[in-house]
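The values are calculated or read from the model by the stated rules, or taken from the named source; none is laboratory data. Since we're looking at a predicted model, the values are computed, not measured. Note that we place each Cβ from the backbone using ideal geometry, even for glycine, and neighbour counts take in every protein chain shown. Just the protein is used for accessible areas: all its heavy atoms, side chains included, with ligands, DNA and RNA removed. Shrake-Rupley method; radii C 1.70, N 1.55, O 1.52, S 1.80 Å.
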Amino acid sequence: MYPARFDYQAPATLDEALDVLGERGEDVKVLAGGQSLIPLMKLRFAQPSMLVDINRIPGLDFIDASNGYLRIGALVRHNSVVTSDVVRRTNQTVAHAAPWVSDPIVRNLGTVCGSLAHADPQGDWASVMLACGAEVVARKKSGERVIPMTEFITDVFTTQLEPDELVTEVRVPKYAGPSGGTYLKLERKVGDYATVGVATHLTLDAAGRIVQAGIAMTAVGATNIKAVEAERALIGAEPTADAFTQAGRLAAQASEPQDDVRGSAAYKRHVVEVFVHRGLATAAELARAA
Ligand SMILES: Cc1cc2nc3c(=O)[nH]c(=O)nc-3n(C[C@H](O)[C@H](O)[C@H](O)COP(=O)(O)OP(=O)(O)OC[C@H]3O[C@@H](n4cnc5c(N)ncnc54)[C@H](O)[C@@H]3O)c2cc1C
């Protein structure tokens, strides 16, 4: 099916894009990689009156590790994260997740920030960013604000972005201390959305105890879920198998999976428990080696 009629603008600068978003208001959509928006428009689930294509705006495709953050700009494609040395050196949860996002064709076009703005509960990046304590930087004509990832997604396919706001970057804090993390994903076939995904992150202190823990889950609720109780139970604990088993149980309790073609709710909850344990064990191993 063809999309409904829409106006199209491809501004050459960020200011120009913010002007258009400010003028046209409610019914405008930002076009980044188009890997989620275009299929929705073709199915007529989305019928924006205008697309603001940001792909010609220079300076939005940066990945850098400066001022205490790993920063990923609005036009960074999933594949640029896969191949980034900066990411590999800075954050293993982000690095391990990137190759799991879809297939090579989608990874060449789709963006990390577009995935966050889309807020699909099956999207992998939101779990990674929740586990890592990331923040989204949003800009509109009147200024910029920083939104913690824990507040950014408000419901299924819904964020707190205003219609005239554009995400310019997502930034992940660098951790003070040896850290490790990973992303585990169960999918029916290569390139599929997650049946279950789990992002984990740990930072250890000098004595080897856990000082910071991040756990978040994909495809087991109406939004990506941060396993807050499980994270809390790990703070101050030794990184042992018992501690990870308890965290796995708490995370499974916090998940809200549904029966569907990918599996039963009970099966998915079990996968959460196993993945949290396994992910934390890997995170601890990587942190000790750091
Ligand atoms: C076949 C297929 C398989 C896929 N598999 C997976 C998968 O396994 N895991 C996964 O996580 N994702 C998967 N995806 C989704 C893919 O990752 C998309 O690329 C991503 O969800 C959206 O990024 P995009 O840049 O393409 O955004 P677009 O499609 O351009 O936009 C998506 C939404 O975000 C908004 N938006 C985009 N950028 C911004 C911005 N900078 N500021 C404000 N709003 C913005 C748009 O207005 C739109 O509402 C798959 C997609 C396809 C087609």
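Please give me the summed charge of the neighbours of ILE147: other residues whose Cβ is under 14 Å from its Cβ, Lys and Arg +1, Asp and Glu -1. Summing Lys/Arg as +1 and Asp/Glu as -1 gives -2.
The count of lysine pairs in the chain that are at least 8 places apart or cross chains, and whose C-alpha atoms lie under 22 Å apart, stands at 8.
Based on DSSP, what percent of beta bridges with both residues in segment 12-95 are antiparallel, to the nearest 5?
Looking only at bridges with both residues in segment 12-95, the antiparallel portion is about 50 percent.
Among the protein heavy atoms of the chain, carbon and sulfur supply 51% of the accessible surface, probe 1.4 Å, non-protein parts ignored. Under a Gaussian network description of the chain, with springs only between Cα atoms under 10 Å, the residue in THR168, THR150, THR240 that fluctuates furthest is THR240.
Solvent exposure of VAL211, expressed as accessible area, is near 70 Å², computed with a probe of 1.4 Å over the protein chains only. Here the extension length gained between HIS270 and GLN47 equals 76.4 nm, from 0.36 nm per residue of separation less the Cα-Cα distance.
Dipole orientation for the chain: of the candidates PHE275, LEU166, SER36, PHE275 has the Cα lying most toward the positive pole (charges on Cβ; Lys, Arg +1; Asp, Glu -1).
Return the FRET efficiency for the residue pair GLU151, LYS174: r is the Cβ-Cβ distance, R0 is 30 Å, and the value is rounded to the nearest 0.05. According to the calculation, E is roughly 0.90.
Which of the three applies to segment 155-215, rounded, prolate or oblate, going by the alpha-carbon gyration tensor with a ≥ b ≥ c and a/c under 1.5 meaning rounded? Oblate, because a/c is 1.5 or more while a/b does not exceed b/c. Round to the nearest 10 and give me the degree value, 0 to 90, for the angle of helix 265-289's Cα axis relative to the longest principal axis of the chain. Relative to the chain, helix 265-289 is tipped by roughly 80 degrees. Spacing of the modelled spin labels on THR13 and ARG288, each 7 Å from Cα toward Cβ, amounts to 5.5 nm. Largest accessible area first, the listed residues TYR69, TYR267 line up as TYR267, TYR69 when surface is computed with a 1.4 Å probe on the assembled protein chains.
Considering only VAL112, VAL271, VAL170, the mean-square fluctuation computed in a Gaussian network model of the chain, springs between alpha carbons under 10 angstrom, is largest for VAL271.
Given a 1.4 Å probe and the protein chains as shown, TYR175 ends up with an accessible area of around 40 Å². Structure remark: mean-square fluctuation, Gaussian network model of the chain, C-alpha springs under 10 Å; the largest value among ILE38, ILE153, ILE210 belongs to ILE38. Per residue, segment 163-290 exposes an accessible area of 43 Å² to a 1.4 Å probe, with every protein chain left in place.
When all protein chains stay in place and ligands, DNA and RNA are ignored, the 1.4 Å accessible-area order of SER142, SER49, largest first, is SER142, SER49. Largest to smallest in accessible area, the residues ARG44, ARG232 fall in the order ARG232, ARG44 (1.4 Å probe, all protein chains included).
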